[in-house]
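In what follows, a single structure is set out as structure tokens and then discussed.
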Amino acid sequence: MAVSNNQRIKMPVQDALVRSHNFNEVSLGLDKEMALREASRCLNCKTPLCVQGCPVNVNIPKFIQFIKEDNIEGAATSLKIDNVLSSICGRVCPQESQCEKYCIRGVKGESVAIGALERYVGDFDLFENRNKDVTKVLPNGKKVAVVGSGPSSLSCASELAMAGFDVTIYEAFHKAGGVLVYGIPEFRLPKDLVQKVIENLMKMGVKFMFNSVIGRTITLEELREDSEAVFIGTGAGLPSFLKIKGENLNGVYSANEYLTRVNLMKAYLADSKTPIQRGKNVVVVGAGNVAMDSARTALRMGADNVYLVYRRGREEMPAREEEIIHAQEEGIQFNLLTNPVEILGENGRVVGMKCIKMELGEPDKSGRRRPLEIVGSEFVFSCDQIIVALGTSPNPLIRKTSEGIDFTNKGTIIANEITGETTLENVYAGGDAVTGAATVILAMGAGKRAAKAIIDKNN
Ligand code: FAD
Ligand code: SF4
């Protein structure tokens, strides 16, 4: 079928009915012919607005130009200068509100599918690029300890290893990747891909110490004594709760626990040693990426009905547009302008959730219209499982066990926006631990900037 130049090449996806019963990746990626055709839509603008829309200013027209010339290795080399996690960001970045939002092609038609092209090049680089140079560079004899192994830490470690530093990553879990492995489900971000990124880091000489909780197993002070610098990328893994009656009943989970048990502990496998309750009628509270991931996971775990409950409207839903559409296609039932009031139980187990209908009033401080209760509109969902996805904040462990680092009253680390320097000498921080729950690309960018500051200081 002929496609107009105003339309983008559509990414093939698994059929909604089929995919809602499996954990395989939903979006299947572009093939080479599709990537070349999509790349040919890029106008190589003199002032590329897409670059300004990207939080780390990836040189988008440059890597797309390489694709146009059928030089995918060149595209990979170019892309890697700006983003070492392109295969991941191509899948999970909210492109519709970043680079693609500003693409000039979007004025008269559809923007260039920058995310899909980024994914194509990133995958090529990870799995096919025979000329890729993953070699150890000459050591400079200086040590850096990196705390946590999420995207901020991985990008920081990668830059430092390329500059010859002796880098050790200390991770609390038994596996590396942070939210990329325990939060974002397999059907959105295959774990072999994250593993490949980790393996490449290992080949570059980066060491991983698993089951190492900084603040418990080893203190921050001990890390400082043993290295030239420390980078803290501990994320924001502490879940927020509804604070309503019934929240302690069996069958109520934080999204964090639910997703970690399914993704990291593989509770979706029939022979899992750490199984989880498989709800039949599940209510998910929230409307961000975490809520979408929880709802779609519950469906794949065998739920008959998954209800998404959110107190604002469709326009205000913070999740990526693609995830919202995919969730709807799979049959997640959206109950917008609805707020939980009480969780109902019998014999200690959840049997329902009382909710109230909302309407939108005047904008609040965040600029979003404030949801207001409609008096007398209460109703009850019958359900046996509730997953709360209302956001997260940083775990207070490092705050409680370290001296000299200043924190905000929200528990985030105070760090220089450019260099990531904290108030403690030679200690840097970045990612969700500094910004609060945000995005992979912002975390990646922060890790990279901190690495640059560490390199500059130690040269
Ligand atoms: P994290 O990825 O949180 O990693 C922190 C790591 O530090 C963890 O491995 C943790 O175990 C470890 N750690 C914590 N404390 C210690 C300690 N004391 N000692 C040692 N290790 C420690 N963003 C997007 O851009 N797009 C999406 O589609 C998207 N979807 C998401 C879906 C879910 C379910 C979740 C939870 C988040 C999602 N995000 C998404 C947000 C994104 O994943 C985060 O912003 C990003 O991972 C933050 O990276 P980070 O490196 O700061 O920390
Ligand atoms: Fe290409 Fe769009 Fe960027 Fe212009 S704005 S360089 S068309 S991706």
### Message
Quick check: convex hull of the Cα atoms in the stretch 16-127, volume per residue, rounded to a whole Å³?
### Response
113
### Query
What are the principal axis extents of the Cα atoms in the stretch 54-177, in Å, biggest first?
53, 30, 23
### Query
For the stretch 308-394, what is the per residue volume of the convex hull drawn over the alpha-carbon atoms, in cubic angstrom?
131
### Query
Which percent of the accessible area of the stretch 16-127 is formed by carbon and sulfur heavy atoms (probe 1.4 angstrom)?
54
### Message
Taking 8 Å as the Cα distance limit and 6 or more residues as the minimum spacing, I'd like the relative contact order of the chain as a percentage.
### Response
16
### Query
What percentage of the solvent-accessible surface of the stretch 241-390, computed with a 1.4 Å probe over protein heavy atoms, is contributed by carbon and sulfur atoms?
48
### Task
Mind checking the per residue accessible area of the stretch 16-127 for me, 1.4 Å probe, whole number of Å²?
42
### Task
Would you mind counting up the charge near S240? Only other residues with Cβ under 12 Å from its Cβ, with Lys and Arg at +1 and Asp and Glu at -1.
+1
### Message
Given a 1.4 angstrom probe, what's the average accessible area per residue across the stretch 241-390, in square angstrom?
### Response
47
#### Entry: Values of log10 I(q)/I(0), in the order q = 0.07, 0.11, 0.12 Å⁻¹, for the chain under a Debye, Cα-only, solvent-free model
-0.37, -0.94, -1.11
### Query
Once the other residues with Cβ under 15 Å from the Cβ of F208 are scored (Lys, Arg +1; Asp, Glu -1), what is the net sum?
+2
### Task
Enumerate the calculated ³J(HN,Hα) couplings along the stretch 158-166 in order (Karplus 6.51 cos²θ - 1.76 cosθ + 1.60, θ = phi - 60°), each rounded to whole Hz, writing x wherever the residue is Gly or Pro.
4, 4, 5, 5, 5, 8, x, 6, 8
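The values are calculated or read from the model by the stated rules, or taken from the named source; none is laboratory data. Bear in mind that the values here come from a model prediction, so they are computed numbers and not experimental data. Cβ coordinates were reconstructed from backbone atoms using ideal geometry, including for glycine residues, and neighbour counts include every protein chain displayed. For the accessible areas, the whole protein counts, side chains as well, though only heavy atoms, and no ligand, DNA or RNA atoms are used. Shrake-Rupley method; radii C 1.70, N 1.55, O 1.52, S 1.80 Å.
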